[in-house]
1. Got a sec? Which of 204, 219, 190, 139 is modelled with pLDDT of 95 or more and under 16 Å from residue 304 (Cα atoms)?
2. I'd like to check something: does the range 262-285 contain any residue that is within 23 Å of the chain's Cα centre (by Cα) and within 14 Å of the ligand (Cβ to nearest atom)?
3. Return a yes/no flag: does the range 191-200 have any residue that is buried (at least 22 other Cβ atoms within 10 Å of the Cβ) and more than 7 Å from the ligand (Cβ to nearest atom).
4. Among the strands (runs of 3 or more DSSP E) contained in the range 267-365, which hold 2 or more residues that are touching a helix residue (DSSP H, G or I) at 6+ places or on another chain (Cβ under 7 Å) and in contact (Cβ under 8 Å) with a residue 24 or more places away in the chain?
5. Please work out which one of (1) assigned to a loop (DSSP other than H, G, I, E, B); (2) small (Gly, Ala, Ser); (3) within 16 Å of the ligand (Cβ to nearest atom); (4) in contact with a Pro (Cβ under 8 Å, 6 or more places away or on another chain) is the condition residue 123 fails and give its number.
6. Are any of the residues in the range 64-71 assigned by TED's automatic domain parsing to the domain that holds residue 392, in contact with a strand residue (DSSP E or B) (Cβ under 7 Å, 6 or more places away or on another chain) and of a type in the set (Phe, Trp, Tyr)?
7. So the check is Cβ under 9 Å with 6+ separation or different chains; which pairs have a first residue in the range 37-64 that's among the acidic types (Asp, Glu) and a second one that's at pLDDT 95 or above and not in a strand (DSSP E or B)?
8. Can you tell me which condition residue 338 does not meet? The list is (1) of a type in the set (Gly, Ala, Ser); (2) in contact with a strand residue (DSSP E or B) (Cβ under 8 Å, 6 or more places away or on another chain); (3) surrounded by 14 or more Cβ atoms within 10 Å (Cβ to Cβ), and all the others hold.
Amino acid sequence: MPALAARETGLPAARLTGERGRTCGQLRLFAELVRSGGALGARIDSGPSGTDVRLRRVPLGPVAVFGASNFPLAFSVAGGDTASALAAGCPVVVKAHPAHPGTGEAVARAVTAAAARTGMPAGVFSLLVGRGHDVGLALVGDPRITAVGFTGSRAGGLALIAAGRSRPVPVPVHAEMSAVNPVIMLDGALAEPEAAASSYVASLTAGAGQFCTNPGLLLLPTGPAGDAFLSAAARALKAAEGQVMLTPDIARAYTEGVRRWENVPGVREVARGTAGAGPYAPAPVVLACDAAAYTAHPELTGEVFGAAGLVVRWSGTDELLCLLEELEGQLTATLHAADADRATALELLPVLEERAGRVLWGGWPTGVEVCHAMVHGGPWPATSSPGTTSVGTLAIERWLRPVCYQSFPDALLPPELRDGNPLRVPRQTGSGITGGA
Ligand code: NAP
């Protein structure tokens, strides 16, 4: 499967082998969650008047999944949205991504075979293949669909959100769209500019920059330490070569996006790598401008999907705070700082929490851990659902709804809510969490 996906996407086979591991790992993680009973969210309590009330979560119903072009395995047919929806007990209909139809079909065959082997009901999983937006719009418009998961462009996400809202019975569309993932460098983090700059360039150019968490915006202080970082980044970037992008359209959008940035007055090129072989491997690039140019030109604020970085120079904490306050919602925000920057960091943190779903202390935002505590989400327009995540076990909550049972006889309650707790699931009660294996 990695070899087929490599042929369709241009991604290296080694990366896709790793991605296959992540795909299987997240399916297993959700299986563990189901076995633990934790996702049921069982609660047993009584109100002030003593009435017996019990709650569990039930699946919404059939879910439509639009896979991502940039993760043909881990965020496509059997990816995170599919895994979390199936774990919630929802049948899944995947709209195949047109950038990797063969991989999509091969994965769908594997899922269908696994469903048959494990005695799942017929129709628990299906794949729709076809060119053009009509297929996806018809899927979202189908009255049997109860929720939608999407990863892709802002334009695509907006179209599907509108489709979900305009149905006679509207449905939630959990869309993960675009982000520039600001990285804030404070003075203390610039003591070793070579190391910091080479790790920045490595993160910016990994996978041709085609990660939703790509560090597209770096906020760098003015002054000699910032200058030294930028010179080191230029040296590292000049040695980098462009890789084949996922589709001709994505390569074209990258080239146009870089040109859009370059045409803004006050923007200058810091460095450019070399283009790779063929027409779809454009050179990585880093551009820079000052804070005034950035705030005066909204065309600089959007994502350029690919290995293009914009560095904005700031002077003083007030200017930095203004820049952060003007940012749109983001998947991530990263703070590079040393102990000496602690007071500034504390001043910035409330704004970062407000702007991003994941706040990092050091490191780089590319590389998303799949685990219980991960948030891959964030305020609009990073996503349409700021209250949730599309990676990690919390993602299951998108496909569940709570039902409360009031004053029911024990025998008529679902097993997870009966007095004896025959399924031994964890339950929130008036005296804390009880039960669980
Ligand atoms: P896309 O064009 O949004 O397509 C994603 C999926 O949505 C595809 O299955 C596509 O199928 C469908 N679709 C797109 N527009 C639609 C519409 N108006 N109505 C109904 N269905 C629609 O995304 P992409 O091809 O993966 O990449 C294009 C751009 O998306 C990139 O340049 C990048 O900006 C962004 N992107 C962002 C992320 C992220 O995580 N932030 C990840 C990947 C890509 P059809 O075209 O067959 O309808």
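1. Of the residues listed, the single one that is modelled with pLDDT of 95 or more and under 16 Å from residue 304 (Cα atoms) is 204.
2. No.
3. The answer is yes; a qualifying residue exists.
4. 268-272, 285-290, 308-314, 330-336
5. (3)
6. Yes, there is a match, as at least one residue in the range 64-71 is assigned by TED's automatic domain parsing to the domain that holds residue 392, in contact with a strand residue (DSSP E or B) (Cβ under 7 Å, 6 or more places away or on another chain) and of a type in the set (Phe, Trp, Tyr).
7. Between residues of the range 37-64 that are among the acidic types (Asp, Glu) and residues that are at pLDDT 95 or above and not in a strand (DSSP E or B), the close pairs are 52/407; 52/408.
8. That leaves (2) as the condition not met.
The values are calculated or read from the model by the stated rules, or taken from the named source; none is laboratory data. All values reported here derive from a predicted model rather than from experimental measurement. No Cβ is skipped: glycine too gets one built from the backbone with ideal geometry, and neighbour counts run over all protein chains shown. Note: accessible area is taken over every heavy atom of the protein model, side chains too, but ligands, DNA and RNA are not part of it. Shrake-Rupley method; radii C 1.70, N 1.55, O 1.52, S 1.80 Å.
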